[in-house]
Structures are given as structure tokens and as C-alpha cells.
Amino acid sequence: EHCQMPEVDSKLVEMLGQRLLPWMEQLSPEQLNPSIYVGLRLSSVQAAAKESFYLHSLKVHYQHSLLGSASSDSGDDSDFPAKPSMGQLALYLLALRANCEFIRGHKGDRLVSQLKGFLEDEKRAIGEGHKEHPNTSYYQYGLAILALCVHQKRVHNSVVGKLLHMVEHDQAHLSVDTAAMAGLAFTCLKRSNFNPEKKEQVTQAIRMVREKVLRAQTPEGFFGNIYSTPLALQWLMTSSMHGRRLGTACHKAGAALLASLQEGAFENALMISQLLPTLNHKSYVDLISPDCQAPRATLEQDTETLPQTQVPEVIRVTLKVSSIEPPYQESIPVPAGSSLEDVLKKAQKLGRFTYETQVSLLGPYVTSVMGKRTQEQEFWQFLQVPDTPLLQGIADYRPKNGETIELRLVSW
Ligand code: B12
């Protein structure tokens, strides 16, 4: 039996698509996000002319930053954002494929070599004994294999072997997001008949990943948590299984996802971009041979302006940092409806508290708190006290009155 999503109201999909429209106008290198393009192309909605201009901007940026300044060692690129990471380059390749383009030509070959080079570096970082970690993450490692695969580019058995080994032996560290991404990569390899020597192992790994994802289903129906469910469903929809277990699990997850959509849980553009294909019964594996002619409804710019609220009510949020000496704890007054980022900014303004962020495709990622930068394999985790990790980043999470948020330095 297959994994199917319940039918989704097209109005709901349009509403989600509309939230991506403002992003289609942000063309600065820092804001460009290939995942948004991929999500739209695999959805049932389109932004018409804006889409092709967006793809054009992606091409200019990725070619310039990865190929352009290679010859100049003068180091005067300081105003330019950091080079795209392995995962970002992989997403860019998916974006090209979403437009039914194969990467080609001299420049294309160089981008493919770079991505393969990234994977070789990561393979070395993981090491012979599989003891160490990739510099980025296994999520990006899977994403890179997937991107090369949909472009019909093969990678060595030894590269695939590292991902297989992780799935076979490191289940404890395997989050649902990472599992789903590995599953998408394996499914692409399998459908393309790549790495035939690893065929049996890949088939077995697909079963293991599926078992992992199914067992991670929560009582409400989510695979892992609400935000890993879109990718998990996307991947599960490519698979089939004897009996009714898969169909039932997917139906329940789909229903939970739709209910949370009604409650407005998806605001982050990247999260929406992973969700849209799922709602359209598509997955990244479909980029092996995408249907670029499929009709899609054109999104109308939402002109509705938000009603102006009167003097906003003030709420208090307690901010707590115990990973430093002396510990910090302060109650911060902010207008109701503020994001956690607003709280951090206000705390910084009031004094004693400092933090730094780095842009990412998901929004601002906190890299440093009270001057303490994270080391390798560490991150600043956000929790609702006593111990509930937040499911959103600082730009999206809106704390309630009286809530206490802890920032904790942890390793992962
Ligand atoms: Co995380 N993370 N993560 N994460 N992470 C995911 C993005 C996801 C979807 C997982 C989930 O819940 N299902 C959620 C976001 C949901 C949402 O926004 N609605 C999530 C969350 C909630 C967090 C935390 C906020 C958890 C917490 O503290 N309670 C923290 C971030 C706190 C902070 O700002 N300091 C967090 C931390 C991490 C670690 C474990 C540190 C790693 C990142 C470090 C590393 O890779 N070296 C991590 C990963 C790997 C992921 C994962 C699996 C892959 C991200 C990725 O590589 N994308 C995603 C899963 C997914 O996307 N479905 C979850 C591909 C590359 C190409 O995109 O933007 O360049 P990128 O990647 C960077 C950012 O994504 C950033 O790290 C990546 C590497 O530099 N990042 C960010 C990772 N997580 C998050 C979360 C937020 C909110 C932001 C702004 C940035």
C-alpha cells in the first residue's frame, strides 16, 4: 500500500504560496533562497514572471560567488556574503532541475566538481572508522547526493557508503529530518540504478529509514515534530509497503498537518517551501524527470493590509542564560505579539545581554550569546523552561506573557 495525503483545500495552498511572494522580491545575495524556488515549482501554485526572474537571480549569484572570484586572491570580497555551503549549492542544483534544466557546459561542470569536492571533504571528515562528524551535517550530505543524482551525476560508492553507515549504525543521532533527506537520496539512487554494487544495501537502508520515521510518529500524528513532517511525508509518498501500516500512518500525519495549517503554524518561508510539494503529492525525487508543463494556479498579490492595532498591550518575557558566569536572568517588557528576536533586541538595549546572529535560509541563526561563540558540534539551544526545546527560531517564535525562555549552550 502507498502513502497518501488527504486532499487539501486549494485556498489553503494559495494562502501558503502567498506568504512566499514577498520573498520573490528579495533579490539580495543574503536573501536568495533556492529552496523557495524548488518548493514553488513542485507545488500547485505559481508566481508567474517573478519565478523566472528569481531563477535568473539565483544563477547570477551562485555562479558569481562560486566561480567568479576564484582568480582574485586580493580578498576584497569582504562585502560579499560567505560562499554558499554544500547544502546551498545542492539546493541551487535542485532549483535548476525544477526548471527542467540539466547542469551543463564548462561552468556547470565546475559546479558539479565543487559539489563532489565538498562531499569528498566531508567523507574525509567523517573518517575511515566513521568516528567523526561531517563539517556540515548528514542532512546536507544527503541533500548533496540527492542533488547530484537528479542531475544524473554519480558519486563513488565510498561516498554513498558513509550515508549508509550512518543509517545502519547511528540511529540514535538520526533525526526525522535527516532520515527523510537520506531516504530521498537513497530513493533517487535506486530509481536511477546508480551505485549498483550497493543496491542491496540501499534497499535495506530505505527500509530502516522508513521504520525509523514510522516509529517516530507522535500521538498527534506528526513524524518527529510538526516541522519534520512535511519532508517525512514527501519521502514516504515515494515508497510502498505491504499491509496498511504505511497508509494509515500517512493519513494520520496528513490530517495532523492540515489541522496545524489551519492554526497558522507555517510562517517560515523555508518550512513552507518544504511543505508545498508534499501538499501537491510531489517530492524532490520527482526532479529526476520533473513535469514543467503541469498547470499551476497563479498567485495574486495579497493586498490586504493588516488592521492597525491600538496601543499594544505590554507583556513580560523572562530571559535566562545559565551557561555563563554569572548567570543572567531578566524579565523583559515587550509589546504583545513580539517575536523572540524582539525580546532579545530589547534585552540587549536594556544592557547586560548581548547576542549575535548569522543569516541562514531559515532566518537568523544565533551564533553567540553574552560573547560566547559556539565551538564545533555546539549550538545555542532555545528552550521553554524547564526543558521543552522550541520548535521555531527567534524570528518566528512569539512568546506569551509570563513565559520564561532559556538559552543553553549544548552539543549535538
Ligand atoms: Co535545526 N531546525 N534548530 N539545527 N535543523 C531545523 C531547521 C528544523 C526544521 C527541525 C525540526 O524541528 N523539524 C527546525 C526549524 C523549524 C521552524 O523554523 N519552524 C529547527 C530548529 C527549531 C532548531 C533550533 C531553533 C532548536 C532549538 O534551539 N530549540 C536550533 C537553532 C537555535 C539557534 O538559532 N541557535 C537548531 C539547531 C540545529 C543544529 C542541531 C545546531 C543543526 C545546525 C548546525 C549544523 O548543521 N552544523 C540543525 C540542523 C542540521 C537542522 C536541519 C536538520 C538541517 C538544516 C540544514 O542544513 N539545511 C533542519 C531540518 C530541515 O530543514 N527540515 C533543522 C540545509 C542548508 C543548505 O540550509 O539555511 O544554509 P541553511 O542551513 C543552516 C540553517 O538551517 C541553520 O543551520 C544550517 C547550517 O548552518 N539552522 C537553523 C539549523 N537549524 C536552524 C533553525 C533555525 C530556526 C534557524 C534560523 C537556522
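The values are calculated or read from the model by the stated rules, or taken from the named source; none is laboratory data. Just so we're clear, the structure is a prediction, and the values are computed from it rather than from any experiment. Reconstructed Cβ throughout: ideal geometry from the backbone, glycine too, with neighbour counts over all protein chains shown. Surface accessibility is based on the protein's heavy atoms, side chains included, excluding ligands, DNA and RNA. Shrake-Rupley method; radii C 1.70, N 1.55, O 1.52, S 1.80 Å.
Just report the Cα centroid separation between the range 126-145 and the range 187-229, whole Å. When both Cα centres are located, 17 Å separates them.
Ranked by the mean number of other Cβ atoms within 10 Å of their residues, highest first, the peptides 22-35, 311-324 fall in the order 22-35, 311-324. Among the protein heavy atoms, those of Tyr397 account for about 40 Å² of accessible surface (1.4 Å probe, every chain in place). Dipole check for the range 143-231: with +1 at the C-beta of Lys and Arg, -1 at the C-beta of Asp and Glu, and the Cα centre as origin, the magnitude is about 340 Debye.
Probe radius 1.4 Å, ligands and nucleic acids ignored: give me the carbon and sulfur share of the accessible area of the chain as a rounded percent. Carbon and sulfur atoms account for 50 percent of the accessible area of the chain. Ellipticity at 222 nm from helices only: DSSP H runs of n ≥ 4 in the chain, each -39500 (n - 2.57), divided by the residue count, give -14500 deg cm²/dmol.
Over the chain, the ratio between the Cα radius of gyration and 2.2 N^0.38 Å evaluates to 1.00. Taking all protein chains together and a 1.4 Å probe, the residues Tyr227, Tyr284 rank Tyr227, Tyr284 from largest to smallest accessible area.
In percent, rounded to a whole number, the relative contact order of the chain is 19, using alpha-carbon pairs under 8 Å and six or more apart.
Using a probe of 1.4 Å on the protein chains alone, the accessible area found for Ser10 is around 70 Å². Bridgeable lysines around Lys116 (alpha carbons under 22 Å apart, same-chain partners fewer than 8 residues away excluded): Lys59, Lys83, Lys107, Lys131, Lys153, Lys162, Lys190, Lys198, Lys199. For Ile315, the amide hydrogen comes within under 5 Å of the amide hydrogens of Val334, Ala336, counting only partners 5 or more places away or on other chains and with H modelled in the peptide plane. Protection proxy ranking, highest mean first, for peptides 91-102, 244-255: 91-102, 244-255, where packing is the per-residue count of other beta-carbon atoms within 10 Å, averaged. May I ask for the angle, rounded to the nearest 10°, between helix 10-24 and the longest principal axis of the chain, with both axes built from Cα atoms and the value confined to 0 to 90°? Roughly 80 degrees, rounded to the nearest 10. For the listed peptides 173-181, 260-268, a ranking on the average number of other beta carbons within 10 Å per residue, highest first, reads 173-181, 260-268.
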